[in-house]
1. Select from the stretch A:163-191 the residues that are more than 21 Å from the chain's Cα centre (by Cα) and surrounded by fewer than 18 Cβ atoms within 10 Å (Cβ to Cβ) and list them in ascending order.
2. Report the residue count in the stretch A:51-72 for those that are surrounded by fewer than 24 Cβ atoms within 10 Å (Cβ to Cβ) and either more than 18 Å from A:R439 (Cβ to Cβ) or polar (S, T, N, Q) (or both).
3. Show me the helices (runs of 4 or more DSSP H) found entirely inside the stretch A:1-105 where at least 2 residues are within 14 Å of chain B (Cβ to nearest Cβ), of a type outside the set (S, T, N, Q) and under 30 Å from A:P224 (Cα atoms).
4. Quick test of your reading of the structure: A:A104 fulfils all but one of (1) among the small types (G, A, S); (2) buried (at least 23 other Cβ atoms within 10 Å of the Cβ); (3) over 15 Å from the mean Cα position of the chain (by Cα). Name the failing condition by number.
5. Looking at A:L200, A:L234, A:L216, which is the one that is closer than 21 Å to A:V300 by Cβ and more than 12 Å from every other protein chain (Cβ to nearest Cβ)?
6. Tell me which residues, restricted to the stretch A:121-150, are within 30 Å of A:N323 (Cα to Cα), surrounded by fewer than 17 Cβ atoms within 10 Å (Cβ to Cβ) and of a type in the set (S, T, Y).
7. Output the residues belonging to the stretch A:485-537 that are crowded, with 17+ Cβ neighbours inside 10 Å and among the acidic types (D, E).
8. Would it be correct to say that A:F357 is buried (at least 20 other Cβ atoms within 10 Å of the Cβ), among the hydrophobic types (A, V, I, L, M, F, W, C) and in contact with a Phe, Trp or Tyr (Cβ under 6 Å, 6 or more places away or on another chain)?
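Readers should treat all values here as calculations from the given coordinates under stated rules, not as data from a laboratory. None of these values were measured; they are calculated from a predicted model. FYI the Cβ positions are ideal-geometry reconstructions off the backbone, even for glycines, and counts take in every protein chain you see.
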Amino acid sequence: MTGSQRWGTRVGLVLAMAGNAVGLGNFLRFPAQAAQNGGGAFLIPYLVSFVLMGIPLLWVEWAIGRHGGQYGHHSAPGMFDRMGPYRWLKYVGVFGLFTNLTVAAYYCYIESWTLAYVWHSLVGTFREIAPTEFFPHYLGMHEGSVFAVPTQAFLWFLGTLALNVWILSRGLAKGIETAAKIGMPLLIVFGVVLAVRGLLLGPEDPGVVQSPLAGLNFVWEPKPSGLLNPSTWLAAAGQIFFTLSVGMGSIHCYAAYLKREQDVALNAASAGWMNEFVEVVLGGSILIPIATAYLGLQAVQAATMSGSGFGLGFLTLPTLFNNWGWLAPIAGAMWFGLLFFAGITSSLAMGQPILAFLEDEFGVRRARAALTFGVATLLLGSVCVWLYPGGAFDEFDFWSGTFALVVFALGEVFIFAWIFGMERGWQEITRGADMNVPRVFRYVIQYVTPAFISVVFVGALVKPVGRWGAALRSVLAGEGWPLAPDSVIGKVLHVGDPQYQWFDAQGNFTNDFVQDATRILLMLVFLACAALVWRAWALKRRRTP
Amino acid sequence: MTGAAWAMLAVTWAVVLYFTVRFFLKVLRTPPSDGDDG
């Protein structure tokens, strides 16, 4: 049973928690978001969101986790069941299973790409074939088809899953903690080496067209007008939300292995700030400066318009490293290696809550629970792999990796502050604390954080096309709200998709069909998780009449 | 880089590095509490 498991060391726990938070988004999403949302001015709402929403949520999740762990629950359903007298509370915890399982499905796929790219960087693949040609071939994409046939990508996916399952099966201290103790320092070393080398690129280096400092300037030049734009604030709050891995149930799970009197306040703050170091200092200093040095600022601005540095990271950087001579394969391996370590320390954190649920509530042995997680992830991940061109992957990312997180976080902070009660909640956060938690946070958690997340939630729900001010003026002019296609309601209603249909003229499946089918699948997975929770508690009632 | 960009970078890095180092050092230095495995 998981009750006998503990963290080996405190540093190991903090590194595992930081590793959970540090993900691919720290290196690929943050710099693009900062650059496109007011540059240096983005950092003001970003840090405000970190203090008023990020840190409080970390404390709340650590406290819920440690509290649940005292009752032998290391996954969200059991933890939430112990937070109040209502039977429905455990079903809020279903999000803590659903999100981890479905995010792991597509996240492990991206993780497998990074591992494959380490290999291809070392063997010099990108000297012979441009990554822009390699990538669609690697994913097995065929023009006009919603299906992919990716033999190589699938094999790497299987290997990555097997590695995750093996590490998880070794247990908390020997598996997850060891991986974090190896992965996190290596990630930081790789990041520092790449950032220093990239920022020192000069006109004498072959292929350099512009100073990398122009790229750094693009990220950091404050554009104060951004501060008055609600979109900037929403983007900053959203980035904080996703970078800290809050609203998933994985932080709760890791914290559940603490003892009653062990600190959560300092550990949470340390892990949170470590994530910020990796994101702000390292994440902001690699991708865009190096890409700017070789492509010029205009190309980089165009490439990051979507607010993601994904294309630059996977399609552009491997080619640019070719300019580094003998260092090219090592630089490529370091870049994708650091992305891999960022990925695996997060995917392990997604696996542990599933294992803990099976161990705690059904008495499944750890090795078997790890295998069950692997098989479930393989089945769900296969949908993302084979239907990647049809948009299944993006649907997983949006509904599980974005929307469900906000819903769960909103629910948990309300339950913590208003059902569990702020008096008890504050005691949970401060008991055994190795730092003074400013008392103002008691009120921040009760009022400000829920309000902050509510704004993020509503913002995601009804995000408009263009600026919020223009959307409001549009309403006042009687022209209605211009819903963005990537808002939650816009997605549900297929806004911006006038050709909405499940089959094309030849009777083939369309992307619309794949998207709707994926949404139905995700709903079924959620219901299956809820059914498992119902079954677990039914068994409990039978055992204790 | 412009002066404003340098200033923004310097202030933000200083804040992030200060709290990262401060809290991590405290984690390393704080003796394990009663029953702490670490």
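1. If the condition is that a residue be more than 21 Å from the chain's Cα centre (by Cα) and surrounded by fewer than 18 Cβ atoms within 10 Å (Cβ to Cβ), then A:W166, A:R170, A:K174, A:T178, A:V189 are the ones that fit.
2. 3
3. A:30-36, A:43-49, A:55-69
4. All conditions are met except number (3).
5. A:L200
6. A:T132, the sole residue that qualifies.
7. Result: A:D512, single match.
8. no
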